[in-house]
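Engineer: Okay, handing you the structure first.
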Amino acid sequence: MKIESPNLVVITGGPGAGKTTMLGELERRGFNCVPEIARQIIQEQARSGGNALPWADTDRYCRLMLERSVASFQENHPAYTLTFCDRGIPDALCAARLLGLTWEREILAACRSYRYATRVFLAPPWREIYETDKERKQTYEEAVRTSVLLAQIYQDCGYEVVEIPRVSPARRVEFLLEQVAV
């Protein structure tokens with residue numbers, strides 16, 4: 001069964017591309033925003049001493065990412081007003097491919113079943129703002145690889161991928177809002 005939610009708008013991209021900062025600006029302007037699942041999992045695992053992490057038990061990490069991404073979609077559907085999501089279900093497919101996992105059929109089924117707004121917004125890699133932290137351990141080159149793969153996966157899943165310009169967070173949000181209104 002296919003569930004479409006055209007008011008759920010995905011902002012995706014590799015790590016450190018400014019997605020969360022943009023979502024903070026959108027929230028400041030009164031828009032509903034859904035936080036990133038992957039970072040939540042990493043923080044929870046760190047607090048509890050768990051190993052469902054992208055650098056430890058990769059299989060469990062991706063399964064949690066898929067499970068929680070589907071739950072997040074279901075919790076926010078139907079969205080009666082614009083709701084911006086920090087990543088979407090296809091991001092779990094990207095993680096699985098990057099980590100070399102082989103059970104992507106289950107993720108693809110979820111990608112087909114739970115559909116966001118047709119336009120997905122990609123924050124491209126941006127060396128000038130890229131930083132690592134205790135939850136973001138990827139190199140800039142890995143962030144670039146992730147971004148390229150995300151764009152391909154979202155296109156393969158039938159989405160139109162629109163690249164967000166490398167400008168200030170406020171201008172990025174203005175661009176996003178103009179694109180959503182089209």
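Engineer: Kindly provide the set of residues from segment 18-55 that are hydrophobic (A, V, I, L, M, F, W, C) and in a helix (DSSP H, G or I), ordered by number.
Structural biologist: MET22, LEU23, LEU26, ILE37, ALA38, ILE41, ILE42, ALA46
Engineer: Looking at ASN7, ASN51, which is the one that is of a type in the set (S, T, N, Q), touching a Leu at 6+ places or on another chain (Cβ under 7 Å) and either without any contact (Cβ under 8 Å) to a residue 60 or more places away in the chain or under 26 Å from VAL180 (Cβ atoms) (or both)?
Structural biologist: Going through ASN7, ASN51 in turn, the sole match is ASN7.
Engineer: When you go through VAL70, VAL10 one by one, which is the residue that is part of a helix (DSSP H, G or I), within 15 Å of the chain's Cα centre (by Cα) and buried (at least 16 other Cβ atoms within 10 Å of the Cβ)?
Structural biologist: VAL70
Engineer: Now for a separate question. Specify the residue that is surrounded by the most Cβ atoms within 10 Å (Cβ to Cβ); the eligible residues are those in segment 166-182 that are touching a residue at least 24 places away in the same chain (Cβ under 8 Å) and basic (Lys, Arg).
Structural biologist: Taking the candidates together, the pick is ARG172.
Engineer: Of everything in segment 105-153 that's within 29 Å of GLN74 (Cβ to Cβ) and β-branched (Val, Ile, Thr), which residue is surrounded by the fewest Cβ atoms within 10 Å (Cβ to Cβ)?
Structural biologist: THR118
Every read-out reported here was derived from the displayed coordinates using simple, explicitly stated rules and does not represent laboratory data. The model shown is predicted, which means the values in this text are computed figures rather than measured ones. With ideal geometry, Cβ positions are generated from the backbone for all residues, glycine too; neighbour counts draw on all protein chains shown.
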